[in-house]
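The values are calculated or read from the model by the stated rules, or taken from the named source; none is laboratory data. Predicted model, so just to flag it, every value in this text is computed and none were measured. Neighbour counts run over all protein chains shown; Cβ positions are idealised from the backbone, glycine included.
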Amino acid sequence: MKLRYPLVVSALASLLTAAPAEVRDLGIPVKGVSWARLHPGRTAEGHASLLASMSQNNGGLFVLDIDLATGHCRQFPVHDGVNSTFSAASFRSLLTGILYVVSGWDGHLHRYDANHPELGLQDLGRIYAAPGDIAPLGINEGPDGVLWIGTYPGASLTKYDPASGQFTHFGKFDATDNYLYPLAGDDGSLAAIVKFGRQHLLVIDPRTGEHREVGPSVTDAADKAQFLKFFKGADRRLYLDSHAGKFRVDGMNLTPVDELPAPLAGIHATYKHAYQAPAEMPGGWTAHFLDDNINGTGTPRNVLLVNRDPSVASRRLHLDWIGGGSNLHTIDVGPGGELYGSSYMPNRLYRASLDGARIEDLGEHTFAGGEAYSTVTLDGKLYLGSYPESRLSVYDPSKPLHFGAGPNDNPRDLGRLDGIGYRPNVLLATPDGRLWMGSSPDYGLYGGTLAWYDPKTGAKKSHRVVVPDLSPASGLYLPELKQILLGLSIETGTGMPVKKDVLHGAFALWDPAEDKLIWSGDLGLDNLADVSSLAPAGNGLVYALLGRGDHILSAGAPEIGPRLALIDPAKRTVVASAWLPADYGPLSWHGYFSLRVGPGGAVYGATGYCVFRIKPGTCDVERVWQLDQPKKRPGTVWLTASSPNVIDVVGPIVGNTFYFATGWRLRALTLP
């Protein structure tokens, strides 16, 4: 599943005050949702009932109570629309019909009872005591109505008893891994799968929380022949399908079986994001989303109702829910000199004129439902690299919109360039017409990939490792050397801690013609953090921004403040380096693309709270725009803004205008 620290949670609805005069709000490009799920069931009177849960950044998650005749939605927002934004774990009770939703990134349990809509979406409180466990993963119900909830990043287990309203916290269940997905069988068995470093199954005593590992495990996440599929069967017992055989959970034991039952309809699996199969409502009806709902993301509004009786005609419903806004994740100049980018879960392509007079949500551009990490324009087309799976997609603004994977589709999903890359931090073009993508690895892995793709022929090739245990974080083509300069990071696959003996980034030079590594090293820079961003400085020199984003810190890396370095790639030397002033604040989220070329070739940079200009030929910086110092929010591992104007996404500089995003808002700053 996709659980990654969100863009700095800063553009808070409760903090929206007037921005400084030089900053302009251009608009909200995308109003989509993520983790959209339909929850069929019944009311206390036995009538068919259809609910939905959806996540969004602006306004928080919400629940829909859908009129099965008209599609009209009664929309129930979460009470805390600032912190309760992410609804990865949701479950409608098979016993009571009550819908439960656990929110991230604050870890609260919510309930909606279709029998009592006047109560709205009720907040039942925080599900655990550990302050670092911020996100729910899975929620399931035992035969006694007790709920079992797994969390991230603590891989901990919580029990909730609806009868008493009491939470029981059983603590962390794994010393190194962070993901826990529990299921409860109707025979009283309780088990959970642990991901992603070494996937394995735990059987659990529901009375005490005592647990032990049973059965096979996945020892190599790159070996796709190894797998574990843990689910609740139609007989309401727990089963494990694996590379080592088929098993049933019997209390604290695992019993081999010859055949596996069909999965129970509903959310009863730990390897799928959506329902196994649509649960049936009274009258024989099932409900399906029809439209752009890739892994539960997009703007799903069309529902198909199907009856098990083939003589009863199916019906379509159009849902009239209202979205508030989706955080932006990338902004850059694309074809025609306009702004293009992607939103964050849902991964939707948008376009905007430079003055913001026209902003368009162009819809899906890839089967990767997360977000685009990088873009590049080549031959009048926009290419995007997206999480998950580092999927490449392309959009041609001269052709009509029709998303798909076929040669006549536009945008078109071009697929993966390899089976390892997951977060495509780097996307650039070389003069020979090829695209180069640098990615961090899949969940549970170390060491990212560098791959190329030829749009003319469809040829591609990937290199598993540039520097062992490191991942490309930034890249720049050097025309003087006809080489690619790569900045490397200690970023691991999500869920993996950093290696204690690999705590420094690196630089690398890659020859695209020979398709091989020429050199790698640290250029003599001690305490070298991740090379987050690169920008041409003229005369063959390059500026590098070195820093450590919160996603690296949360994986166990020691904090290193942001620093500038002016390097000479040809001589492989450092011309100058300097730490950024402390009051400039931390890098925005991860710091990628934080250096941009501005008027006259001057290089500008941005942290989450400051825009600065670099004096050419030096690492001396001049503050251009500054916000208040950030503050740590107690109990979290990311930085929360002390201002509603924080820079979440660094965009391009066009003329004297710097473009950026604060949460879901596209914004512009006139540079002095």
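Among the strands (runs of 3 or more DSSP E) contained in region 558-626, which hold 3 or more residues that are under 19 Å from Gly505 (Cα atoms)?
It comes to 563-568, 573-579.
Pick from region 344-365 the residues that are buried (at least 24 other Cβ atoms within 10 Å of the Cβ) and free of Cβ contacts under 8 Å to residues at least 60 places away in the same chain: which of them is farthest from the chain's Cα centre (by Cα)?
Filtering region 344-365 for residues buried (at least 24 other Cβ atoms within 10 Å of the Cβ) gives 344-350, 364-365.
Applying the additional criterion that residues be free of Cβ contacts under 8 Å to residues at least 60 places away in the same chain yields 347, 365.
Numbers: Asn347: 9, His365: 16 Å.
The qualifying residue farthest from the chain's Cα centre (by Cα) is His365.
Evaluate region 407-414: report whether one residue or more is of a type outside the set (Val, Ile, Thr), buried (at least 20 other Cβ atoms within 10 Å of the Cβ) and part of a loop (DSSP other than H, G, I, E, B).
Yes.
Name the strands (runs of 3 or more DSSP E) wholly inside region 68-136 in which the number of residues that are under 23 Å from Gly32 (Cα atoms) is 1 or more.
Fully inside region 68-136 and qualifying: 73-77, 86-92, 99-104, 108-112.
Can Leu317 be described as outside any loop (DSSP other than H, G, I, E, B), outside the structural domain of Leu202 (by TED's automatic domain parsing), surrounded by 19 or more Cβ atoms within 10 Å (Cβ to Cβ) and not charged (D, E, K, R)?
When the stated conditions are applied, Leu317 passes them.
Consider Ser49 against the criteria (1) at pLDDT 95 or above; (2) outside any strand (DSSP E or B): it satisfies all of them except one. Which criterion is unmet?
The number of the failed condition is (2).
Among the residues of region 239-253, count how many are under 23 Å from Lys224 (Cα atoms) and hydrophobic (A, V, I, L, M, F, W, C).
Qualifying residue count for the region: 3.
Can you tell me which residues in region 223-241 are in contact with a Gly (Cβ under 8 Å, 6 or more places away or on another chain) and not in a strand (DSSP E or B)?
Within region 223-241, Lys224, Arg236, Arg237 meet the criteria.
Among the residues of region 441-456, are any outside the structural domain of Ala222 (by TED's automatic domain parsing), closer than 20 Å to Val376 by Cβ, surrounded by fewer than 19 Cβ atoms within 10 Å (Cβ to Cβ) and touching a residue at least 40 places away in the same chain (Cβ under 8 Å)?
Yes: region 441-456 contains one or more residues that are outside the structural domain of Ala222 (by TED's automatic domain parsing), closer than 20 Å to Val376 by Cβ, surrounded by fewer than 19 Cβ atoms within 10 Å (Cβ to Cβ) and touching a residue at least 40 places away in the same chain (Cβ under 8 Å).
For region 525-542, how many residues meet the condition of being more than 15 Å from Ala570 (Cα to Cα) and in a loop (DSSP other than H, G, I, E, B)?
Residues in region 525-542 being more than 15 Å from Ala570 (Cα to Cα) and in a loop (DSSP other than H, G, I, E, B): 5 in total.
Restricting to region 266-282, name every residue that is in contact (Cβ under 8 Å) with a residue 24 or more places away in the chain and closer than 30 Å to Ala368 by Cβ.
Gly266, Ile267, His268, Ala269, Thr270, Tyr271, His273, Ala274, Tyr275, Gln276, Pro278, Ala279
Could you say which residue among Thr330, Thr286 is hydroxyl-bearing (Ser, Thr, Tyr), outside any loop (DSSP other than H, G, I, E, B), in contact with a strand residue (DSSP E or B) (Cβ under 6 Å, 6 or more places away or on another chain) and surrounded by 21 or more Cβ atoms within 10 Å (Cβ to Cβ)? I'd like the intermediate steps shown before the answer.
Details: Thr286 fails: surrounded by 21 or more Cβ atoms within 10 Å (Cβ to Cβ).
Residue meeting the stated conditions: Thr330.
Can you tell me which condition Ala265 does not meet? The list is (1) modelled with pLDDT under 90; (2) surrounded by 15 or more Cβ atoms within 10 Å (Cβ to Cβ); (3) over 30 Å from Leu201 (Cα atoms), and all the others hold.
(3)
Any idea which of Val303, Val312 is over 17 Å from Gly651 (Cα atoms) and either surrounded by 21 or more Cβ atoms within 10 Å (Cβ to Cβ) or not aliphatic (A, V, I, L, M) (or both)?
Values: Val312 fails: either surrounded by 21 or more Cβ atoms within 10 Å (Cβ to Cβ) or not aliphatic (A, V, I, L, M) (or both).
That would be Val303, the only listed residue that is over 17 Å from Gly651 (Cα atoms) and either surrounded by 21 or more Cβ atoms within 10 Å (Cβ to Cβ) or not aliphatic (A, V, I, L, M) (or both).
Go through (1) farther than 30 Å from Gly154 by Cα; (2) at pLDDT 95 or above; (3) not charged (D, E, K, R) one by one and return the number of the condition Trp625 breaks.
(2)
Which of the residues belonging to region 347-368 are closer than 16 Å to Tyr383 by Cα and either among the charged types (D, E, K, R) or part of a loop (DSSP other than H, G, I, E, B) (or both)?
Answer for region 347-368, where residues must be closer than 16 Å to Tyr383 by Cα and either among the charged types (D, E, K, R) or part of a loop (DSSP other than H, G, I, E, B) (or both): Asn347, Arg348, Arg351, Glu364, His365, Thr366, Phe367, Ala368.
If Glu389 passes every condition in (1) surrounded by fewer than 17 Cβ atoms within 10 Å (Cβ to Cβ); (2) under 18 Å from the mean Cα position of the chain (by Cα) but one, which one does it miss?
(1)
Residue by residue through region 34-78, note down the ones that are of a type outside the set (D, E, K, R) and touching a helix residue (DSSP H, G or I) at 6+ places or on another chain (Cβ under 8 Å).
The answer is Asn58, Gly59, Phe76.
Tell me whether region 114-131 contains one or more residues that are among the polar types (S, T, N, Q) and touching a residue at least 24 places away in the same chain (Cβ under 8 Å). First the steps, then the outcome.
First pass over region 114-131, keeping only residues among the polar types (S, T, N, Q): 115, 122.
Subsequent filtering for residues that are touching a residue at least 24 places away in the same chain (Cβ under 8 Å) retains 115.
Yes; the residues of region 114-131 include at least one that is among the polar types (S, T, N, Q) and touching a residue at least 24 places away in the same chain (Cβ under 8 Å).
Please state which of the following conditions Ser326 fails to meet, knowing it meets all the rest: (1) over 30 Å from Gly608 (Cβ atoms); (2) modelled with pLDDT of 95 or more.
So the condition that Ser326 fails would be (1).
On the basis of being crowded, with 17+ Cβ neighbours inside 10 Å, outside any strand (DSSP E or B), touching a strand residue (DSSP E or B) at 6+ places or on another chain (Cβ under 8 Å) and in contact (Cβ under 8 Å) with a residue 12 or more places away in the chain, does Gly341 make the cut?
no
Anything in region 201-231 that is crowded, with 19+ Cβ neighbours inside 10 Å and closer than 18 Å to Thr494 by Cβ? List them, or say none.
Across region 201-231, the qualifying residues are Val218, Ala221, Leu228.
Could you check Ala277 against (1) within 17 Å of Pro40 (Cβ to Cβ); (2) surrounded by 16 or more Cβ atoms within 10 Å (Cβ to Cβ) and say which number it fails?
(2)
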